[in-house]
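Heads up: the structure comes next, in structure tokens.
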Amino acid sequence: MQVYSYKFSEFFLLNIRIKKVYNHSVMEKAKILIIEDVPEMADLIALYVQNAGMEPMVYPSAEEATASMRGQAPSALLLDLNLPGMSGMDFLKNFRAEYKDSIPVIIVSARDADEDIIKALDLGADEFVTKPFSPRVLIARLQANLRRLSKTEAAAEESIQFGEYTILENSCVLKRGVAKVRLSAREFDVLDYLVHHEGENLTPATIFNAVWKVPFGDVTAVAVYIQRLRKKIEKDPQNPEYIKTCFRYGYRFENPSKKKNEESAR
């Protein structure tokens, strides 16, 4: 059975089988633009994208996708070539002319002639997947491209890693894998200060003076921001592995993954 012959009932059962639990309350999902004119195929791809923790944006034509984007670039593009109206090739050409080349583009098409594949790659596509295909493999390729993009962005500016997180210093962004973690400016500043003073016991007053940079204020605000950060980065906020509480003193930032690497190197 070809992958685009699913019916609604099969979609419902498929969603139950592969649905996973993700904590997206503080995560900025990767937005995946899907341009596919066959509804069943579009729904199938969108289902797998959503269950992989990303946000699908589905359009049946290049014209509708162009009108909807309005200059807002997606995290990645999954593009069919045989579209009504503007062709996928023409859309790809326009897309690469308007948006940065680093955005991953994967062609998903029934056309498999060498000329089509070569032309799409020449216009800026990163990969070419022919129909029928394995949705799981398509998602794996998409995630691999997003990981490479994330590493490239991190290499372009100063970054600090702890566990599965990366702090992009110049952008003032925290990422978990390829997804951004939503932090307020103050939350980022508190976390950044803690990370830069890894292993040090820091009093609330020390943190307040360094981050707020005011001579007077409510030092108890530090505890509030520590709680917020723990809810956003700790697997168990009640038993934190990164932001530890030092009894009768304050807080200390620890990087368990760094310790493991140091111990294994001995």
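The values are calculated or read from the model by the stated rules, or taken from the named source; none is laboratory data. Just so it is clear, the structure is predicted and the values come from calculations on it, not from any experiment. Every residue, glycine as well, gets a Cβ built from its backbone with ideal geometry; the counts of neighbours run over all protein chains shown. What goes into the accessible areas is simple: the full protein's heavy atoms, side chains included, and nothing from ligands, DNA or RNA. Shrake-Rupley method; radii C 1.70, N 1.55, O 1.52, S 1.80 Å.
Remarks
- Neighbours of Thr66, meaning other residues whose beta-carbon lies under 13 angstrom from its beta-carbon, give a summed charge of -2 when Lys and Arg score +1 and Asp and Glu score -1.
- Under the criterion of Cα pairs below 8 Å and six or more residues apart, the relative contact order for the stretch 49-193 equals 15 percent.
- Three-way shape call for the stretch 24-156 based on the alpha-carbon gyration tensor, with the a/c threshold at 1.5: rounded
- Mean separation of Cα contacts under 8 Å (6+ apart) over length of the stretch 122-178, as relative contact order %: 21 percent
- Take Cys246: with every protein chain present and a 1.4 Å probe, its accessible area is about 20 Å².
- For Ala144, net neighbour charge (Lys/Arg +1, Asp/Glu -1) across residues whose Cβ lies under 13 Å away: +3
- Part-to-part distance (alpha-carbon centres) for the stretch 205-253 and the stretch 133-174, which is given in Å: 27 Å
- The accessible area of Met89, taken with all protein chains in place and a 1.4 Å probe, comes to roughly 10 Å².
- Taken per residue, the accessible surface of the stretch 140-266 reaches 59 Å², heavy atoms only and a 1.4 Å probe.
- Accessible surface of the stretch 118-211 [probe 1.4 Å, protein heavy atoms]: carbon and sulfur percent: 47 percent
- Full extension of the segment from Ile160 to Lys231, taken as 0.36 nm per residue of separation minus the current Cα-Cα distance, would add 23.5 nm.
- Across the stretch 108-266, the mean sequence separation of Cα contacts (distance under 8 Å, 6 or more residues apart), normalised by length, yields a relative contact order of 16 percent.
- Label point at Arg186 placed 7 Å out along Cα→Cβ; residues across the stretch 219-240 whose backbone nitrogen lies under 14 Å: 219-229
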